[in-house]
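Have a look at the structure below before the remarks.
The values are calculated or read from the model by the stated rules, or taken from the named source; none is laboratory data. Bear in mind that the values here come from a model prediction, so they are computed numbers and not experimental data. Using ideal geometry, Cβ is built from the backbone for each residue, glycine included, and neighbour counts are taken over all protein chains shown. When the accessible area is computed, the model is the full protein with side chains, heavy atoms only, and any ligands, DNA or RNA have been set aside. Shrake-Rupley method; radii C 1.70, N 1.55, O 1.52, S 1.80 Å.
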Amino acid sequence: MELHILEHSLKVASIEKEGIQICTHGLIKLAFLASKTRCKFFSLTETPEDYTIIVDEEGFKELPQSEHISVADATWVALNVVSGGSNTSTSQPIGVTKIAKSVIAPLADHNISVFMLSTYQTDFILVSCRGLPYILNRLEQMVNGETVAAHNLGVTNGFVKPKLVPRPIIHPLSSPSNMFCVTSLDPDTLPSVATLLMDVMFYSGGQKESGASSEDSNHIRFFSFSLIEGYISLVMDEQTTQRFPNNVLFTSASGELWKMVRIGGQPLGFGEFFVAVVPEENIQSVIGALRTESAAQ
C-alpha cells in the first residue's frame, strides 16, 4: 500500500444556492470546456444547503469574487492511497474501508482534520498544506496498518497541537429515502449530454424528482460532478440517472445502489459536516455502528 501526493493545490469553497447564477459561467467552463482552462482537479457537489466546490488554483481563477462564496482559509493537497507498488500501470485504488482504518482513523486519533472525496475511479484524502509535514510524519510511523509512537512535533495543521480529549458526538444521524448511483461516463460522450447535465446541475433544484411523493420529506436533493485529471465521476439519485440515455453512464453489472448517511441536520462548517454513501444492504449496520460510537463517547 502506497500513499501518493498529488501535485494540485486545492481550494474548498461553498456557494450559496441564491448565488449560483453568478458562478455558472465559470462552472460550465470548468466542467464542459476543460481544454479551455488549465484546471486539472474540479468537483462540484449540490446538497440541500449549498454547492460545495473543490478545485485547484488554476480552476479557482475561473470563479468570480462574491459575497455568496465562502472559501476555507486553508489550501489543501490531495493524497491517493493505491496498491501494486510504484508501477502506476499496475497500481489499484484502495477501498474506503481500508483507507479509513489505515489512514483516516490514525490521523483522527491525533486531532488531524481531513476531507474525504470519493469518486467512481478512486478516493482522495484532502489535508491542509500547512499540516502536511506533520501528517507525513504520522503516516510514516504506520507499520502494517498500525501506528507507533512518533516524535511530538507540537503542531498540527499549522496550529498548536491540542490535547487528546474525548468529545461527545451530538450531531443527529439521518438516512434519506432516495437511492444513489455512483457512476461515470466517457469524456468523449460529454458533449452529447452537456445540456442535460447543465439542467441537472443548475436548474433542477426546485423540481421534485419523479418517484418522490410530496409527503416524502426524507427525499433530498444531492448531486455530485467531478472532473479530475480527465476522468469524470457522477453521484446522483436513481431518478436522475433515468433521465440519461441508455448506455451513456457506466454502471456495475449488479446495478448496485447506495444509501446516504448524513451526520448533522444543518451546515456545520468545513470541519464538521459529513455525508457518505454506503451499499443499501449495509445501511442499518452503518447507522447502528455510528450510534454506538456516539454513545461510547
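Numbers below:
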read-out: Test for residue 189: is it modelled with pLDDT of 85 or more and closer than 20 Å to residue 51 by Cα; value: no
read-out: Any hit, the range 261-278, residues being modelled with pLDDT of 55 or more, open to solvent by 30 Å² or more (accessible area, probe 1.4 Å) and of a type in the set (Lys, Arg); value: no
read-out: Pairs, first over 10 Å from residue 23 (Cα atoms) in the range 58-71, second exposed (fewer than 14 other Cβ atoms within 10 Å of the Cβ) and among the basic types (Lys, Arg), C-beta under 7 Å, six or more apart; value: 58/38
read-out: Tabulated pairs, the range 221-232, first farther than 23 Å from residue 177 by Cβ, second part of a strand (DSSP E or B) and among the β-branched types (Val, Ile, Thr), C-beta under 9 angstrom, 6+ apart or interchain; value: 226/45; 226/54; 226/232; 226/235
read-out: Members of the range 1-37 that are aliphatic (A, V, I, L, M), assigned to a helix (DSSP H, G or I) and over 13 Å from residue 59 (Cα atoms); value: 20, 22
read-out: Residues that are of a type in the set (Ser, Thr, Tyr) and closer than 19 Å to residue 175 by Cβ, drawn from the range 224-257; value: 224, 240
read-out: Residue in the range 60-76 that is modelled with pLDDT of 80 or more, crowded, with 17+ Cβ neighbours inside 10 Å and within 14 Å of the chain's Cα centre (by Cα) present; value: yes
read-out: Selection count, the range 98-148, where residues are hydrophobic (A, V, I, L, M, F, W, C) and either assigned to a helix (DSSP H, G or I) or modelled with pLDDT under 70 (or both); value: 14
read-out: Residue check, residue 243 open to solvent by 40 Å² or more (accessible area, probe 1.4 Å), in a helix (DSSP H, G or I) and either under 30 Å from residue 78 (Cα atoms) or modelled with pLDDT of 70 or more (or both); value: no
